[in-house]
Amino acid sequence: MKRISLLGIGAGILLVAGIIFVVHHRAQSLVPSNSSVSTNQFLPRESWAFVGYATPEAALESGYWAENTGDFQGLLNSLTPEYRAQIEKHGEAQSESEKEANMQKEAAQVAAYQIVSNEAVSADECILHIRSPRLGKGKVTLKKIANDWKWEGDIKADK
């Protein structure tokens, strides 16, 4: 009976420790940093995935993933309401297949990217400085809306 109680207590301690770790890690990931976040490697197009919007870095990858897969709605979900309205208006003149082809063409031009740094502008805005082997250096502003990070505009050349 003592052995079962000790196992139960041990499992409870592990569960609480795991919850504390996850909560602490999640809280840290929601705050943009002013530090250099360089991954030292390029993230190739084939590895892009939908990873959500909890961090600016995740939002960037999720937007690129949507573009690469030709998912127009997914791309729109990665954008601030203002930028989304611009892209929707631009897309009105295109068929679904044209939108898909154009997005995939843009993703192919990027081919891979590396996050060089995350420049915090405020608690809910940052600029990700990125590099692509094909396109060179660029930057994109992201804003936090509710609990999600969203692209504020096009990626601009970083000179």
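Tell me, please, whether a residue that is more than 22 Å from Q41 (Cβ to Cβ), in contact (Cβ under 8 Å) with a residue 60 or more places away in the chain and more than 15 Å from the chain's Cα centre (by Cα) can be found in segment 123-142. Within segment 123-142 (the criterion being more than 22 Å from Q41 (Cβ to Cβ), in contact (Cβ under 8 Å) with a residue 60 or more places away in the chain and more than 15 Å from the chain's Cα centre (by Cα)), the answer is yes, since at least one residue qualifies.
Only one of these is at pLDDT 95 or above, within 14 Å of the chain's Cα centre (by Cα) and either surrounded by 13 or more Cβ atoms within 10 Å (Cβ to Cβ) or assigned by TED's automatic domain parsing to the domain that holds S122 (or both): E46, E61, E82. Name it.
None of the other options fit; the residue is E61.
Among the residues of segment 105-113, are any buried (at least 16 other Cβ atoms within 10 Å of the Cβ), assigned by TED's automatic domain parsing to the domain that holds R45 and farther than 21 Å from P56 by Cα? Within segment 105-113 (the criterion being buried (at least 16 other Cβ atoms within 10 Å of the Cβ), assigned by TED's automatic domain parsing to the domain that holds R45 and farther than 21 Å from P56 by Cα), the answer is no, since none of the residues qualifies. The residue that is modelled with the lowest pLDDT, among those in segment 134-159 that are in contact with a Lys or Arg (Cβ under 8 Å, 6 or more places away or on another chain) and in a loop (DSSP other than H, G, I, E, B), is K159. Here are E88, E98: which of them is surrounded by fewer than 16 Cβ atoms within 10 Å (Cβ to Cβ), of a type in the set (D, E) and without any contact (Cβ under 8 Å) to a residue 12 or more places away in the chain? Just one listed residue meets the conditions, E98.
The values are calculated or read from the model by the stated rules, or taken from the named source; none is laboratory data. Values in this document were obtained by computation on a predicted structure and should not be read as measured data. Using ideal geometry, Cβ is built from the backbone for each residue, glycine included, and neighbour counts are taken over all protein chains shown.
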